[in-house]
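Note sheet for the following structure.
Just so you know, all these numbers are worked out from the coordinates, no wet-lab data involved. It should be emphasised that the depicted structure is a prediction, and the values quoted were computed from it without experimental measurement. Cβ placement follows ideal geometry from the backbone for every residue including glycine, while neighbour counts extend to all protein chains displayed.
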Amino acid sequence: MGTVPQSDTRLCPAAGGPHKAGAECLLAEELTLQYPDIEVRWVAADLGTADGVKKTVQAAQELNGRDTAQRILIINNAGSLGDITKPFVDFTDPPEVDRYFTFNVSSALCLTSSLLKVFQGRAGLERLVVNVSSLAALQPFKSWTLYCTGKAARDMMFRVLAKEETDVRVLNYAPGPMNSAMQDQVQSHTADLEVRHHFIEMKKRGELLDCHVSARKMLDILEKDAFRSGEHVDFFD
Ligand SMILES: NC(=O)c1ccc[n+]([C@@H]2O[C@H](COP(=O)([O-])OP(=O)(O)OC[C@H]3O[C@@H](n4cnc5c(N)ncnc54)[C@H](OP(=O)(O)O)[C@@H]3O)[C@@H](O)[C@H]2O)c1
């Protein structure tokens, strides 16, 4: 979660995953170097737990100057694939399924709603919310029962937000197939061989996107403001 860097912007809390070495930490360091005026607060929190969500919200509450921020950008990027080694019919254990949705759906809802409350609408404050979505929100992939369901649920959740809070700009952004740890897991663990090989071949052909390229595209979309609030926009659109 952070504000888009501007000369007069000072707030930028970044919520990282539980492993303390994530991209968010690097982002926090990079932002501090590039924009020394920005106050960066990096929080390691397990968003699969209520405590992790609370800790992240608290960090936002503690930021100096939150009453003077001009633009708030909340990016819901954290996510996981869940168990992709088995088909639909093998998901018979409700607690396993609940754990997946607690992290991938519930935390995105409760974190976003809490942060919107911290940064209540006031004159001149622009609020933007991004849900990092996926093609899997729209299209079923064999072996990805949890992932596809979670991404579809998140898209709808943020469409409701867009309807309710008309002064909040909401973007469901599908970043395209990116070269990342998640992509490695797709290629090594997807049970369905057709799906698995599709992504292995994409990697061989050099078709996976660099995360920075996709992130840049997302920022361009936000800066141009050329989307309907709640719309699902794909990297390739
Ligand atoms: N890669 C793709 O091809 C692709 C395609 C479409 C959409 N996406 C979406 O893009 C987003 C980023 O994915 P990625 O490819 O960068 O995957 P990734 O390499 O697996 O990164 C996942 C991110 O989620 C964080 N995370 C994992 N478990 C967490 C937890 N319990 N609490 C808090 N944070 C947690 C990780 O933090 P740590 O670094 O601390 O582990 C990391 O920042 C996801 O929402 C994914 O669904 C990816």
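Checked against (1) assigned to a helix (DSSP H, G or I); (2) in contact (Cβ under 8 Å) with a residue 60 or more places away in the chain; (3) closer than 30 Å to Asp93 by Cβ, Lys163 passes all but condition (3). Residues in the stretch 97-114: is at least one surrounded by fewer than 21 Cβ atoms within 10 Å (Cβ to Cβ) and in contact with an Asp or Glu (Cβ under 7 Å, 6 or more places away or on another chain)? Within the stretch 97-114, not a single residue is surrounded by fewer than 21 Cβ atoms within 10 Å (Cβ to Cβ) and in contact with an Asp or Glu (Cβ under 7 Å, 6 or more places away or on another chain). In the stretch 33-48, the residue that is farthest from the ligand (Cβ to nearest atom) out of those that are among the charged types (D, E, K, R) and not in a loop (DSSP other than H, G, I, E, B) is Glu39. Contact map, the stretch 208-237: residues that are in contact (Cβ under 8 Å) with a residue 12 or more places away in the chain paired with residues that are surrounded by 11 or more Cβ atoms within 10 Å (Cβ to Cβ) and of a type in the set (Asp, Glu), Cβ distance under 6 Å, separation 6+ or inter-chain. Pairs shown: His232/Asp155.
Inspect the stretch 126-138 for any residue being surrounded by fewer than 16 Cβ atoms within 10 Å (Cβ to Cβ) and either closer than 20 Å to His198 by Cα or under 15 Å from the mean Cα position of the chain (by Cα) (or both) and give the result as yes or no. Yes, there is a match, as at least one residue in the stretch 126-138 is surrounded by fewer than 16 Cβ atoms within 10 Å (Cβ to Cβ) and either closer than 20 Å to His198 by Cα or under 15 Å from the mean Cα position of the chain (by Cα) (or both).
Criterion first (among the hydrophobic types (A, V, I, L, M, F, W, C), within 14 Å of the chain's Cα centre (by Cα) and over 25 Å from Leu219 (Cβ atoms)) does Ala191 satisfy it?
No: the conditions fail for Ala191.
Residues in the stretch 122-148 that are within 16 Å of the ligand (Cβ to nearest atom), in contact (Cβ under 8 Å) with a residue 40 or more places away in the chain and more than 20 Å from Asp225 (Cβ to Cβ): Ser134, Leu135, Ala137, Leu138, Phe141, Ser143, Trp144, Thr145, Leu146, Tyr147.
Residues in the stretch 171-189 that are more than 6 Å from the ligand (Cβ to nearest atom) and farther than 21 Å from Glu231 by Cβ: Asn179, Asp184, Gln185, Val186, Gln187, Ser188, His189.
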